[in-house]
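> Before I ask anything, let me first share the structure, which is written out below as structure tokens.
Read-outs throughout are calculated quantities, based only on the coordinates presented, and are distinct from any laboratory measurement. Bear in mind that the values here come from a model prediction, so they are computed numbers and not experimental data. Here the Cβ positions follow ideal geometry from the backbone for every residue, glycine too, while neighbour counts run over all protein chains shown.
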Amino acid sequence: MHIPLSSPDISDAERKAVLQVLNTQHLALGPRLDEFERRMASYHERRFGVAVNSGTSALHLAMLAMDLSPGDEVITTPFSFVASTNCILYVDAMPRFVDVDPDTWNLDPEQLPGVVSDRTRGILPVHVFGLPCDLKAITAFARERGFWIVEDACEAIGAYDREGLVGRAADATVLAFYPNKQMTTGEGGMLLTDDGRIDSLCRSLRNQGRGESGAWLSHERLGYNYRMSDLAAALGIAQLGRIDELLGKRARVAQWYDDRLGGNPHMVSQAIPVGLRKSWFVYVIRLADDFSRQDRDEILEVLHRQGIGSSNYFSPIHLQPYIAERFGFARGDFPVCEAIADRTIALPFFGNMTEAQVERVSGCLVGALQATERDARPLHAVRARRSPPESRLSGGA
Ligand SMILES: *Cc1c(COP(=O)(O)O)cnc(C)c1O
């Protein structure tokens, strides 16, 4: 029996909401779009929300709104989904990567000073796998130097850091609603901001550069068609109405995994610093250092053969062929990111997973580890580091 890597959680509320739109004249640019934007902005206590057709589109709009010139530099993390770097390339700017923290797997703020140049304009941090990065330290660093922050919260809706809900503070925050995310609109994304200029510019850019009047054949700037349909927006409203339930179910599944894998000496999970609430996007384990990338790939093979959806989230962005070639990156450039990326396994994870499925996946994983262990060197027990020192994240001592 196949267990997928991810699966959306759709109830009758979503079916009803989408059908209702189908029975109206407004399949696009209608009332559901406005309502979804208002609700999403208000959930995050932001002034504006601009809904678009993907998280990547929202990232592109955010970069356009930052008014970059060719050759300007944006600091970001190499351990993410590739869209968080691609958006920088879309506007002819240069990504400057900072290695990640070995425990939280998020951009390490202490390394920021090392990559600043006179071309640095902003920072694009990512809350990887739904764990808030240290936005407080990153913001303090950025404010001192006049850099903007565009926050990729595509994996982190509903997460909390020590200051509150993620997505309430950056110059622009980007969310995504692909079916594997915590909530979905099929395809979709949103840009949140408190800045009226960014809001109206992005609203125009997503709609073929049309002006505020909405005159259909009047285009004030080079725009795009990045619009979200009202069908998608209705789905989003229904999902947002269930957000606590959706997140709660995912947290419960994560707990089932933790109960079974938490004490295993051959793996660690992303450390959740005290005072933070992770929003569970995926369940990823990192094999201990004595496993090689080849061992990990073999384990993925074994899982696939047993019908268990699993993946190597994430492959380092700086080593993607077109980026490595263009900027001359090589293995060893961001060693912490690479050590993590070589050893991670994303296991099947979705809110409707049963405890029996978690049991089966965990059993298969442990079995696959033992098989590797028999073939390879004896393994040394590695202590799980579940909580890094407080200072790491608060930017103190
Ligand atoms: C999902 C995701 C995006 C956006 O993805 P789309 O498929 O374009 O909606 C961007 N950044 C990260 C880190 C993501 O996980």
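Quick grid of which residues meet (1) touching a residue at least 60 places away in the same chain (Cβ under 8 Å); (2) crowded, with 17+ Cβ neighbours inside 10 Å; (3) of a type in the set (Asp, Glu):
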{"site": "Ala254", "(1), (2), (3)": "yes, yes, no"}
{"site": "Gln270", "(1), (2), (3)": "yes, yes, no"}
{"site": "Tyr283", "(1), (2), (3)": "yes, yes, no"}
{"site": "Tyr322", "(1), (2), (3)": "no, no, no"}
{"site": "Pro335", "(1), (2), (3)": "yes, no, no"}
{"site": "Ile340", "(1), (2), (3)": "yes, yes, no"}
{"site": "Met353", "(1), (2), (3)": "yes, yes, no"}
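> Given the condition surrounded by fewer than 24 Cβ atoms within 10 Å (Cβ to Cβ), in a strand (DSSP E or B) and among the aliphatic types (A, V, I, L, M), answer yes or no: does some residue in region 162-176 qualify?
yes
> Separate question: List, please: which pairs have Cβ atoms under 7 Å, are six or more places apart or on different chains, and start with a residue in region 28-48 that is over 21 Å from Val166 (Cα atoms) and end with one that is part of a strand (DSSP E or B) and among the hydrophobic types (A, V, I, L, M, F, W, C)?
As it stands, the answer is Leu33/Ala51, since those pairs meet every condition given.
> Next up: Can you name the helices (runs of 4 or more DSSP H) wholly within region 269-377 that have at least 2 residues being farther than 24 Å from Phe81 by Cβ?
Values: elements: 293-305, 321-327, 335-341, 355-375.
In region 269-377, the matching helices (runs of 4 or more DSSP H) lie at 293-305, 355-375.
> Right, here's the next one. Test each condition in (1) closer than 18 Å to Ser229 by Cβ; (2) surrounded by 13 or more Cβ atoms within 10 Å (Cβ to Cβ); (3) of a type outside the set (D, E, K, R) for Thr24 and report the one that comes out false.
Here Thr24 meets the rest and fails (2).
> May I pose another question? Looking at (1) under 17 Å from the mean Cα position of the chain (by Cα); (2) over 17 Å from Phe350 (Cβ atoms), can you tell me which one Ala288 breaks?
(1)
> Of the residues Ile123, Ile138, which single one is assigned to a strand (DSSP E or B) and either surrounded by 21 or more Cβ atoms within 10 Å (Cβ to Cβ) or without any contact (Cβ under 8 Å) to a residue 60 or more places away in the chain (or both)?
Sole residue among the options that is assigned to a strand (DSSP E or B) and either surrounded by 21 or more Cβ atoms within 10 Å (Cβ to Cβ) or without any contact (Cβ under 8 Å) to a residue 60 or more places away in the chain (or both): Ile123.
> Just the residues that are touching a strand residue (DSSP E or B) at 6+ places or on another chain (Cβ under 7 Å), under 20 Å from Asp99 (Cβ atoms) and surrounded by fewer than 22 Cβ atoms within 10 Å (Cβ to Cβ), please, taken from region 69-88. Quick ask: steps written out before the conclusion?
Here is the first cut: in region 69-88, the residues touching a strand residue (DSSP E or B) at 6+ places or on another chain (Cβ under 7 Å) are 71-80, 84-85, 88.
Those still in the list that are under 20 Å from Asp99 (Cβ atoms) too: 73-80, 84-85, 88.
The one that is touching a strand residue (DSSP E or B) at 6+ places or on another chain (Cβ under 7 Å), under 20 Å from Asp99 (Cβ atoms) and surrounded by fewer than 22 Cβ atoms within 10 Å (Cβ to Cβ): Glu73.
> When you check Met66 against the structure, is it under 25 Å from Val116 (Cβ atoms), away from the ligand (no atom under 16 Å from the Cβ) and crowded, with 20+ Cβ neighbours inside 10 Å, yes or no? Write out each step before concluding.
On the way: under 25 Å from Val116 (Cβ atoms): yes; away from the ligand (no atom under 16 Å from the Cβ): yes; crowded, with 20+ Cβ neighbours inside 10 Å: yes.
Yes: the conditions hold for Met66.
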